[in-house]
Amino acid sequence: MAGVAASVERVKDRATGLDKFVLREARGSSVEVYLYGGQVTFWKNNFGHQLLFVSNKATFKPPKAIRGGIQICFPQLGSHGVLEQHGFARNRFWSVDESPPPFPVATSNCHIDLILKSSQEDLKIWPHSYEFRLRVALSPRGDLLLTSRIKNISSDGKPFQFTFAYHTYFSVSDISEVRVEGLETLDYLDNLQSKNRCTEQGDAVVFESEVDKVYLSAPKKIVIIDHEKKRTLVLRKEGLPDIVVWNPWDKKAKAMPDFGDDEYKNMLCVGAAAIEKPISLKSGEEWLGKQEISAVPSSYSSGQLDPEVIRRMHTI
Ligand code: BG6
């Protein structure tokens with residue numbers, strides 16, 4: 001579509017009253033990012049499909065995180081100590097990073113840079129000074145790339161440690177028809193069994209009941225195959241060794257006030273993370289972690305063809 005330029009627009013969402021950025025690419029893909037949580041809530045490919053799940057019962061009101069999209073979990077995933085579950089980054093208001101330092105990796109020009117810094121309030125519960133820079137970028141092909149840079153800017157010279165996850169809620173047609181490939185034979189921590197370390201068996205991960213696992217040292221690329229939608233979601237990661245996989249299933253779904261009773265059938269959380277070995281940053285050091293997701297037609301299956309090849313054959 002010659003002549004239609006990519007754009008980045010700041011708007012106030014009418015329904016929620018919150019500020020968000022809308023990124024649009026010339027071929028029709030788009031992304032929405034809220035300043036609240038630095039959270040991507042919408043990602044549409046060139047075919048017009050929303051690829052992320054957001055609950056119909058999601059509240060867009062602090063202090064609750066938005067139930068869906070891509071939650072930024074920092075400085076922890078899980079609940080330990082006085083910090084809130086999955087850390088505070090997902091329920092703080094981020095700011096626009098007007099002049100980010102030079103970016104170490106190339107990204108598309110259709111992007112927005114956000115920043116979160118330690119506030120006086122947060123220093124009381126997590127006494128470390130940091131700058132968290134998040135770039136959300138949409139490529140001309142409609143791929144969504146999130147890059148996080150976290151820097152220790154403490155003046156006392158002390159190191160700090162954190163765990164991290166891109167808690168990504170994908171929209172799927174029917175959870176019982178979905179398989180995740182790339183995690184087979186890996187070790188995982190099972191949150192449903194007191195974080196017991198187990199080894200995945202079988203050809204692929206399929207879903208028949210509640211799943212709450214952290215796969216350790218996962219490959220840089222995994223795929224989520226949605227048979228009914230004839231779509232494969234490809235997740236690539238860097239700087240993040242682990243993969244979180246979660247579906248609450250029926251019982252837990254009913255117990256969550258901001259989640260519909262049957263919505264577990266149409267969502268699956270799979271996200272790049274650093275859990276088992278916390279990231280440690282000395283004063284002045286910066287860490288970088290990336291997650292890129294793309295959607296390709298489902299003719300790709302079981303690693304027979306590389307998604308890159310498929311992508312050249314089809315434009316979606
Ligand atoms: C998963 C946790 O990562 O996130 C689950 O392992 C938790 O135990 C789920 O239920 C959702 O967490 P929250 O805080 O968003 O309700």
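The values are calculated or read from the model by the stated rules, or taken from the named source; none is laboratory data. As the structure is a prediction and not an experimental result, all values here were calculated from the model. Glycine gets a Cβ as well: all are built from the backbone with ideal geometry, and neighbour counts include every protein chain shown. These accessible areas exclude ligands, DNA and RNA; they are computed on the full protein's heavy atoms, side chains included. Shrake-Rupley method; radii C 1.70, N 1.55, O 1.52, S 1.80 Å.
The table for this structure:
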| read-out | value |
| --- | --- |
| Selection within region 140-177 - over 29 Å from Ala6 (Cα atoms) and part of a loop (DSSP other than H, G, I, E, B) | Ile153, Ser154, Ser155, Asp156, Gly157, Lys158, Pro159, Ser173, Asp174 |
| Which listed residue, of Asp250, Asp226, is over 17 Å from Leu146 (Cβ atoms), open to solvent by less than 70 Å² (accessible area, probe 1.4 Å) and under 19 Å from the mean Cα position of the chain (by Cα) | Asp226 |
| Conditions (1) touching a residue at least 40 places away in the same chain (Cβ under 8 Å); (2) within 16 Å of the ligand (Cβ to nearest atom); (3) outside any strand (DSSP E or B): number failed by Gly81 | (1) |
| Pairs where the first residue, in region 199-220, is of a type in the set (Ser, Thr, Tyr) and the second is open to solvent by 70 Å² or more (accessible area, probe 1.4 Å) and away from the ligand (no atom under 16 Å from the Cβ), C-beta under 9 Å, 6+ apart | Thr199/Thr185 |
| Qualifying residue in region 142-159 (condition: within 16 Å of the ligand (Cβ to nearest atom) and touching a residue at least 60 places away in the same chain (Cβ under 8 Å)) | no |
| Residue among Val234, Val270, Val245 that is part of a strand (DSSP E or B) and away from the ligand (no atom under 14 Å from the Cβ) | Val234 |
| Top-ranked residue of region 181-197 - restricted to ones that are within 15 Å of the ligand (Cβ to nearest atom) and assigned to a strand (DSSP E or B), ranked as most open to solvent (accessible area, probe 1.4 Å) | Asn196 |
| Among residues of region 88-98, those that are within 16 Å of the ligand (Cβ to nearest atom) and touching a residue at least 40 places away in the same chain (Cβ under 8 Å), counted | 4 |
